[in-house]
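S.K.: Have a look at this one before I ask anything.
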Amino acid sequence: MTTASAKTTKTGAAPPRRGRRGIGGGRERLVRWTFVLPMAVFLLLFFCYPVSRNLMMGFQQWTVASFYEGGAPFVGLDNYVELVTDPLFGTAVLNTALFTAGSLSFQFVIGLGLAVFFQRRFPLSGVLRGLLLLPWLLPLVVSGAVFRWIYDEGFGVLNQVLLGLRLIQDPIPWLSSTQYALTAAVIANIWVGVPFNLVILHSGLQAVPASLYEAAALDGAGPWQRFRKITLPLLRPVIAIVLMLGLIYTLKVFDMIMVLTGGGPANATETLTTWSFALSFEEFDFGQGAAVGNVLIVIALVFALLYLRSIRDSLRSEGEPR
């Protein structure tokens with residue numbers, strides 16, 4: 001009897017209710033979509049649509065009249081052919097490369113040095129790190145205006161300091177000379193980008209076990225050997241991410257150069273971003289301006305894919321057993 005009743009209980013047990021679970025799952029999915037949908041709409045309206053529209057305009061002959069007519073003729077690759085054959089194309093590409101390489105290299109070296117310096121704890125270290133973030137938090141237009149005042153030939157702080165130290169005899173035309181303008185823009189952009197490198201690299205250094213440095217010190221390794229054998233290898237994934245993000249960001253810098261020099265003098269600081277602006281809003285050739293923008297999009301996309309690949313490789317290396 002006991003066995004039979006037990007069997008009856010097992011076979012006659014009511015199945016679990018799935019109605020509430022289904023309703024709860026539906027509500028959970030609804031909540032998820034409620035959070036995702038606004039961001040998806042934002043990306044579609046303010047990213048996907050402008051980028052796709054710009055890609056289309058690069059293959060059309062858009063002028064001011066095209067906006068009134070409601071369309072523009074399709075010209076294929078004519079805009080790109082005109083860009084490549086334009087003498088200013090090589091200048092813009094070279095200036096973009098020099099501006100990006102100069103900014104990125106010094107931002108990384110200075111940022112890494114500061115990150116290693118702030119790895120040691122001392123009084124007010126957190127306050128100093130916070131103050132170093134100010135250049136990154138300021139709008140680029142504000143930073144550009146400050147450096148325009150610093151570089152002023154007549155009453156700029158930089159020339160006054162150099163004259164006071166007797167390092168120069170005459171004021172240097174930092175922004176009106178083809179010899180110094182690009183260097184001045186690079187220096188200003190280095191000042192803006194160092195805090196980003198400092199924060200990311202300092203965060204990466206926090207993940208390095210202190211026991212490794214202690215063991216290396218006991219084995220007789222000096223500071224440089226510990227940095228070369230421990231810090232750099234363990235920081236390699238973070239370094240790759242910092243360099244890739246910095247490269248993508250520096251390629252599209254427009255505000256700083258526009259405020260400082262506007263692409264001049266004599267195209268000495270004309271980059272792809274300022275050239276695209278000049279073609280679109282000064283010469284009103286929106287098709288060629290969009291084509292220059294598309295070139296930048298392709299370059300940034302290539303480095304973005306390399307960035308994603310570096311993240312994937314770093315995650316894969318972290319997941320491998322040691």
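S.K.: Just checking, how many residues over segment 64-104 are in contact (Cβ under 8 Å) with a residue 40 or more places away in the chain, more than 24 Å from Thr271 (Cβ to Cβ) and surrounded by fewer than 16 Cβ atoms within 10 Å (Cβ to Cβ)?
M.R.: 1
S.K.: Considering only residues of segment 255-266 that are assigned to a loop (DSSP other than H, G, I, E, B) and touching a residue at least 40 places away in the same chain (Cβ under 8 Å), which is surrounded by the most Cβ atoms within 10 Å (Cβ to Cβ)?
M.R.: Taking the candidates together, the pick is Thr261.
S.K.: Can I ask one more? Looking at (1) within 29 Å of Ala145 (Cβ to Cβ); (2) part of a helix (DSSP H, G or I), can you tell me which one Glu283 breaks?
M.R.: (2)
S.K.: Then there is this: Against the condition out of contact with any Leu (no Cβ under 6 Å at 6 or more places or on another chain) and either closer than 26 Å to Thr100 by Cβ or part of a helix (DSSP H, G or I) (or both), how does Ile200 come out, does it pass?
M.R.: Yes.
S.K.: Another question, if that's okay. So is Leu175 in contact (Cβ under 8 Å) with a residue 40 or more places away in the chain and within 21 Å of the chain's Cα centre (by Cα) or not?
M.R.: Taking the combined requirement at face value, the residue does not satisfy it.
S.K.: Could you list, in sequence order, all residues of segment 58-78 that are part of a helix (DSSP H, G or I) and either in contact with a strand residue (DSSP E or B) (Cβ under 8 Å, 6 or more places away or on another chain) or modelled with pLDDT under 90 (or both)?
M.R.: Scanning segment 58-78 gives Val64, Ala65, Ser66, Phe67, Tyr68, Glu69.
S.K.: Residues of segment 203-238 being within 30 Å of Leu301 (Cβ to Cβ), hydrophobic (A, V, I, L, M, F, W, C) and in a helix (DSSP H, G or I), which ones?
M.R.: Leu232, Leu234, Leu235, Val238
S.K.: Hey, can you tell me all the residues within segment 267-313 that are over 16 Å from Asp86 (Cα atoms) and among the acidic types (Asp, Glu)?
M.R.: Glu282, Asp313
S.K.: Considering only segment 135-180, how many residues are in contact with a Gly (Cβ under 9 Å, 6 or more places away or on another chain), surrounded by 14 or more Cβ atoms within 10 Å (Cβ to Cβ) and assigned to a helix (DSSP H, G or I)?
M.R.: 4
S.K.: Here's something else I'd like to know. Kindly indicate whether Ile241 is surrounded by fewer than 20 Cβ atoms within 10 Å (Cβ to Cβ) and in a helix (DSSP H, G or I).
M.R.: Answer is yes for this residue.
S.K.: A follow-up question, please. Looking at Thr274, Thr269, which one is outside any helix (DSSP H, G or I), under 25 Å from the mean Cα position of the chain (by Cα) and either surrounded by fewer than 20 Cβ atoms within 10 Å (Cβ to Cβ) or modelled with pLDDT of 90 or more (or both)?
M.R.: So the residue among Thr274, Thr269 that is outside any helix (DSSP H, G or I), under 25 Å from the mean Cα position of the chain (by Cα) and either surrounded by fewer than 20 Cβ atoms within 10 Å (Cβ to Cβ) or modelled with pLDDT of 90 or more (or both) is Thr269.
S.K.: Any idea which residue in segment 190-238 is surrounded by the most Cβ atoms within 10 Å (Cβ to Cβ), counting only those that are over 18 Å from Leu114 (Cβ atoms) and among the polar types (S, T, N, Q)?
M.R.: Per the stated criteria, the residue is Gln225.
S.K.: Filter segment 225-266 down to residues that are charged (D, E, K, R) and over 19 Å from the mean Cα position of the chain (by Cα), then give me how many there are.
M.R.: Number of matching residues: 3.
The values are calculated or read from the model by the stated rules, or taken from the named source; none is laboratory data. Predicted model only: the values in this text are computed from it and were never measured. No Cβ is skipped: glycine too gets one built from the backbone with ideal geometry, and neighbour counts run over all protein chains shown.
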